[in-house]
1. For the residue pair Leu151 and Arg91, what label-to-label distance in nm results when each label sits 7 Å from Cα along the Cα-to-beta-carbon direction?
2. Using mean Cβ contacts within 10 Å as the protection proxy, how do 244-253, 58-67 order, highest first?
3. With θ taken as phi - 60° and the coefficients 6.51, -1.76 and 1.60, list the Karplus ³J(HN,Hα) couplings across the range 67-72 in order, rounded to whole Hz; mark glycine and proline as x.
4. Highest mean first, how do 224-233, 74-83 rank when packing is the count of other Cβ atoms within 10 Å averaged over residues?
5. As a check on your grasp of the helix formula, calculate [θ] at 222 nm for the chain: sum -39500 (n - 2.57) over DSSP H runs of n ≥ 4, divide by the residue count, round to the nearest 500.
6. Which Cα, out of Val84, Leu106, Thr18, lies furthest along the positive dipole direction of the range 1-107 (beta carbon charges, K/R +1, D/E -1)?
7. In the chain, what % of DSSP beta bridges are antiparallel (nearest 5)?
8. For Ala210 and Ala56, FRET efficiency with R0 = 25 Å and r from the beta-carbon atoms, rounded to 0.05?
Amino acid sequence: MAVVALASASGSPGVTTTALGLALLWPRPVMLVEADPTGGSGLLAGYFRGSRQYDAGLIELALTAGSLSDALADVAQPIEGTAVSFVAGTRSHTQNSALRDLWAPLAETLRELETTGQDVVVDAGRLGLQGSPGALLDAADLALLVSRTTLPHLSALRSWADAFQRPALDWHQSGVLLVGAGQPYSAREVTEVVSLPVLSSLPDDPDSAAVFSRGAQPPKRFEIGPLARALNAAIASIHSTITHRRNELLEGARS
Ligand SMILES: Nc1ncnc2c1ncn2[C@@H]1O[C@H](COP(=O)(O)OP(=O)(O)OP(=O)(O)O)[C@@H](O)[C@H]1O
Ligand SMILES: [Mg+2]
């Protein structure tokens, strides 16, 4: 696979939760990058409930004078018992100006990780914030706008959908990942009003989501529950979408 970036158009639909859920169920080694310009680490404060120290993160990458890929390997922290490592976001949004010149070289370094057998999931936070990691979204093979299906969410989604697409970047694709499809609008209804394809839908499953977003105790049958099943289906869709485009590009290059 490669680099997948998640962002939102409005109102905390579940980007951080979904990014972590995808990473934890990812079938290959994966690096999760917390690039939300809001600052603070959703993982350290949420999933790890503050039990884990902030050792190093994006800001250390921005300050490195040496090789960025070496620094990335130093800064990425493993999540024990999984094939996930993560790069913590900034401690505060006030550090974001220091990241301005990091995004483009980091995007390149993340794209190269695939050759080492590692994919990347980026939490890009909410679009339009100062310090938004635009270069990471552009570098992604697939960028997904995460959205709920209420009218206020759909209104913001529609507002950002055109700007989110990058037709000039031939490796790049974009789509929507719905959280709580059917509450109230279905994926089909969303597709009719938004100029982006709905790639996948996750159920509204607050108890399972809380495991990822705040380190809550897993509910019964969590591993095979609705959220886990939908995350696995989303991973399969992500994989086939990226593979399909790559095959198209390969065939185009041959002919
Ligand atoms: N599939 C889901 N079902 C039910 N609740 C969910 C789901 N995904 C996330 N949530 C809940 O939604 C809330 C917001 O989630 P999260 O912090 O991941 O959103 P976000 O889009 O990253 O927000 P922000 O823009 O503030 O970073 C959390 O309480 C989380 O548990
Ligand atoms: Mg978040």
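FYI, it's all coordinate maths here, none of it is from the lab. What you are looking at is a predicted structure, and each value in this text was computed from that prediction instead of being measured. Quick reminder, even Gly has a Cβ in these numbers, built from the backbone with ideal geometry, and neighbours come from all protein chains shown.
1. A separation of 4.5 nm, rounded to one decimal place.
2. Averaged packing, sorted descending, gives the order 58-67, 244-253.
3. Computed from phi, the couplings for the range 67-72 are 6, 5, 5, 5, 4, 4 Hz.
4. 224-233, 74-83
5. That calculation yields -12000 deg cm²/dmol at 222 nm.
6. Positive-end residue among those listed: Thr18.
7. Values: 2 of 33 bridges.
Looking only at bridges with both residues in the chain, the antiparallel portion is about 5 percent.
8. Efficiency computed from Cβ-Cβ geometry: 0.35.
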